[in-house]
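Enquirer: For reference, the structure I am asking about is given below.
The values are calculated or read from the model by the stated rules, or taken from the named source; none is laboratory data. Predicted model only: the values in this text are computed from it and were never measured. Positions of Cβ are backbone-derived with ideal geometry, glycine not excepted, and every protein chain shown enters the neighbour counts. When the accessible area is computed, the model is the full protein with side chains, heavy atoms only, and any ligands, DNA or RNA have been set aside. Shrake-Rupley method; radii C 1.70, N 1.55, O 1.52, S 1.80 Å.
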Amino acid sequence: MKKFLLFSLALAAALLVAAPVLAQMSINGAGATFPAPLYIKWAYKYNQDKGVKVNYQAIGSGGGIAQIKAKTVDFGGTDEPQKPDFLKEHGIYQFPTVVGGEVAAFNLKGIQAGQLVLDGPTLAKIYLGEITKWNDPAMKKLNPKLNLPDKDITVVHRSDGSGTTFIFTSYLADVSPEFKAKVGVGKEMNWPGKNSVGAKGNSGVAGQVQNIDGAIGYVEYAYAAQNKMAYANMINKAGKVVKPTLESFGAAAANADWKNAPYGYGIDLINEPGDNSWPIVGATYIMIYKDQADAAKGKAVLDFFAWAFKNGGDIARELHYVVLPDSIVKMVEADWAKEITSGGKPIYKK
Amino acid sequence: MLFEPMHPTITEAMSEGKTVSVPRAFSPGTLRRARGDLYFQRLTAACALVLPLIMIAIGLALVYYSIPALKKFGPGFFISQEWNPVTQQFGALSSIYGTLVSTFLAMLVAVPLSLAIALFLVELAPPRLSQAVGTMIELLAGIPSIIYGMWGMFVFAPLMAGYVQPWLHTYLGWIPGVGLLFQGPPMGLGMLTAGIILGFMVLPFTCAITRDVFKMVPNVVKESAYGLGATTLEVTAKVTIPYGLVGIIGAFFLGLGRALGETMAVTFVIGNSHKIALGLFYPGNSIASCLANEFAEATEPTYVSSLICLGLVLFVITYGVQVISQMMLKRMYKAWSVGL
């Protein structure tokens, strides 16, 4: 008993002495679920390299916006870029971090990944419930070599509000005026098709598509790749057939008009020009207050993302994300030096 | 008179808050005990008060946050099928319809099955088997609902799509009237699948209670029926079930309450579509599944308020079901003055 007491006293003393050494800078973020696996992996690597702890809670874009407004986190993540008015009203600065693509995954006996080709207007008609059979003339015209069956198309969509749906509907509305008028763009939709089911989360949609013969559904590329699902190639704005690859996502990001983007880089990367651009691409964003109460914390957040832009590319590729092209990273970092201040002084130096 | 409390008049008077003058004959110890009873009674009363307080607080909050939606849409909110977050138009009808239909289907599955299982366990099964199955039922009741949902989506839905739905459509779909129920895309998801999964979830609860009710039917009553030459079926139909009827109906109402509010399992298999279709193969939605899906990313005030108003509707439905069941049971007790 005495020994035990002594031991615990010694342990407590050791902890007390060690505590200041162990106390390290830590920054907190919360928001979008789409980039969460990447942010968490970056944070782990960054902690090993620099000893700074970054916590990111994947609570959804809506949660991220609410948390940054309540100032309970150091940075917030969102898949849907916030409008300049909102950013200016709250004194928030917003920048993109990574880009990801979405694919139309399908389940049709006898047809493999990469064999099916779709274009925007046809995909919109499928989601409008106007094309209901796999051997519809429009489908045959795009795929003259495939033997498409006389089977009903089951349309799978997200049942929970999601940035994935926002990017997908942005694309359909961009290529089909009818979709824009009848359905619109949003995180949660009123889908018109009769043969459509909603499933929760990317994994839910992936699961339903794999379950139902004749199903088609939109998922983030990472889910389709990890589950080895069949996905359709798309015809892009330049009229070329493209495969969903990290290169074609990156091409879309590089060909986007970032220079003329509104404040907060809130442009969509939908249907960008260029022969190699994948048409359904979206960026995810970070929000941070322009006026930082704690200069050291604000700088730590920016340092983390600067490190990630410079060293995090490989990790991102492993997880099927694409970091921004260099030219855009330079623009963003130049912004930081000007816009993010504490007590009127800029806190980030290149 | 053997178990009568020592000084009932004093404890009673004190619990009613009256002051009692204690005759000399009582020792101080008795008085202390009486006071202890009073404090204990007050403590338990305070604990019991927590329950209605929470209920009232939730009800008030639901009403308060529903006001914006009710102001905007008026009574039309309850009869409109339109649910469009893009245009911010909301109506509760499809969710109310889905909640009621899926619950009805669940009871259609659970009631006959739990009656049959309980009868088998109490009347017919060898004791060892009865015990084993009884334990399994209790285990089933403890499985979290998301497991039912996942099982429903990955195992049960494909079975429905591959065998059950095509069969139902072919053999029952042609009947005028009833046939309309067996229409829709046979993809394994939808109202029917949700109803059946819900039925399976309710089953352990209704079954366990029904079994206990049957067990409490006095053997004397049953044995006298057997003695008169009745068969097992006759004893069951004419003695066991009527004797336990009130308890059985109580069990079913309990299951009904659970089915109404079930969330995760339904979300997985109901198909999540805000449309009303008569065909049971079509996807639908229930109030609880709609809330689970949409609340997290709802940011617009009207949207949030409409979702909370849906919650209020569910609150009222569940409360209404409980009130009706209590009234019904009371009336049955009075009318028959027998049974459990």
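Enquirer: Can you pull out every residue in segment A:63-117 that is over 22 Å from residue A:272 (Cα atoms) and part of a strand (DSSP E or B)?
Expert: Selection gives A:75, A:76, A:77, A:92, A:93, A:106, A:107.
Enquirer: OK, next. Which of the residues belonging to segment A:55-69 are aliphatic (A, V, I, L, M) and either in contact with a helix residue (DSSP H, G or I) (Cβ under 6 Å, 6 or more places away or on another chain) or away from chain B (no Cβ under 14 Å) (or both)?
Expert: Hit for segment A:55-69 is A:58, nothing else.
Enquirer: Here is a follow-up. Looking at segment A:148-165, which of its residues are at pLDDT 90 or above and in contact with a Gly (Cβ under 9 Å, 6 or more places away or on another chain)?
Expert: A:149, A:151, A:152, A:153, A:154, A:155, A:156, A:157, A:158, A:159, A:165, listed by residue number.
Enquirer: Return the residue satisfying two criteria in turn: it lies in segment A:42-64 and is among the hydrophobic types (A, V, I, L, M, F, W, C) and open to solvent by 20 Å² or more (accessible area, probe 1.4 Å), and of such residues it is farthest from residue A:322 (Cα to Cα).
Expert: A:52
Enquirer: Another question about this same structure. Checking the structure you have, find out if any residue of segment B:304-316 is free of Cβ contacts under 8 Å to residues at least 12 places away in the same chain and away from chain A (no Cβ under 14 Å).
Expert: Looking through segment B:304-316, at least one residue is free of Cβ contacts under 8 Å to residues at least 12 places away in the same chain and away from chain A (no Cβ under 14 Å).
Listed here are the residues, each with its yes/no results for (1) out of contact with any Asp or Glu (no Cβ under 6 Å at 6 or more places or on another chain); (2) more than 14 Å from every other protein chain (Cβ to nearest Cβ).
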{"position": "B:74", "(1), (2)": "yes, yes"}
{"position": "B:81", "(1), (2)": "yes, no"}
{"position": "B:86", "(1), (2)": "yes, no"}
{"position": "B:89", "(1), (2)": "no, no"}
{"position": "B:102", "(1), (2)": "yes, yes"}
{"position": "B:115", "(1), (2)": "yes, yes"}
{"position": "B:134", "(1), (2)": "yes, yes"}
{"position": "B:138", "(1), (2)": "yes, yes"}
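Enquirer: Does segment A:55-83 hold any residues that are more than 18 Å from residue A:166 (Cβ to Cβ) and either without any contact (Cβ under 8 Å) to a residue 12 or more places away in the chain or not aromatic (Phe, Trp, Tyr) (or both), and which are they?
Expert: Scanning segment A:55-83 gives A:55, A:57, A:67, A:68, A:69, A:70, A:71, A:72, A:73, A:74.
Enquirer: Looking at residue A:75, is it in contact with a Phe, Trp or Tyr (Cβ under 9 Å, 6 or more places away or on another chain) and in the same structural domain as residue A:162 (by TED's automatic domain parsing)?
Expert: No: the conditions fail for residue A:75.
Enquirer: Could you go through segment A:86-93 and let me know if any residue there is open to solvent by 40 Å² or more (accessible area, probe 1.4 Å) and assigned by TED's automatic domain parsing to the domain that holds residue A:209.
Expert: Checked against the condition, which is being open to solvent by 40 Å² or more (accessible area, probe 1.4 Å) and assigned by TED's automatic domain parsing to the domain that holds residue A:209, segment A:86-93 yields no hits at all.
Enquirer: Moving on. Could you say whether any residue in segment B:269-285 is part of a helix (DSSP H, G or I) and away from chain A (no Cβ under 14 Å)?
Expert: no
Enquirer: Here's a follow-up. Sort through A:204, A:186 and tell me the only one that's within 10 Å of chain B (Cβ to nearest Cβ), part of a loop (DSSP other than H, G, I, E, B) and open to solvent by less than 60 Å² (accessible area, probe 1.4 Å).
Expert: Result of the check over A:204, A:186: A:186.
Enquirer: Pick from segment A:165-180 the residues that are within 11 Å of chain B (Cβ to nearest Cβ) and more than 15 Å from residue A:82 (Cα to Cα): which of them is most open to solvent (accessible area, probe 1.4 Å)?
Expert: Restricting to residues being within 11 Å of chain B (Cβ to nearest Cβ) and more than 15 Å from residue A:82 (Cα to Cα), the top hit is A:180.
Enquirer: In the list B:250, B:257, B:244, B:229, which residue meets the criterion of being out of contact with any Pro (no Cβ under 8 Å at 6 or more places or on another chain), away from chain A (no Cβ under 14 Å) and not in a helix (DSSP H, G or I)?
Expert: B:229
Enquirer: Checking residue A:124 against (1) farther than 21 Å from residue B:304 by Cβ; (2) in contact with an Asp or Glu (Cβ under 9 Å, 6 or more places away or on another chain); (3) within 14 Å of chain B (Cβ to nearest Cβ); (4) open to solvent by less than 10 Å² (accessible area, probe 1.4 Å), which single condition isn't satisfied?
Expert: Every condition holds for residue A:124 apart from (3).
Enquirer: Kindly indicate whether residue B:265 is within 22 Å of residue B:145 (Cα to Cα), within 11 Å of chain A (Cβ to nearest Cβ), in a helix (DSSP H, G or I) and of a type in the set (A, V, I, L, M).
Expert: no
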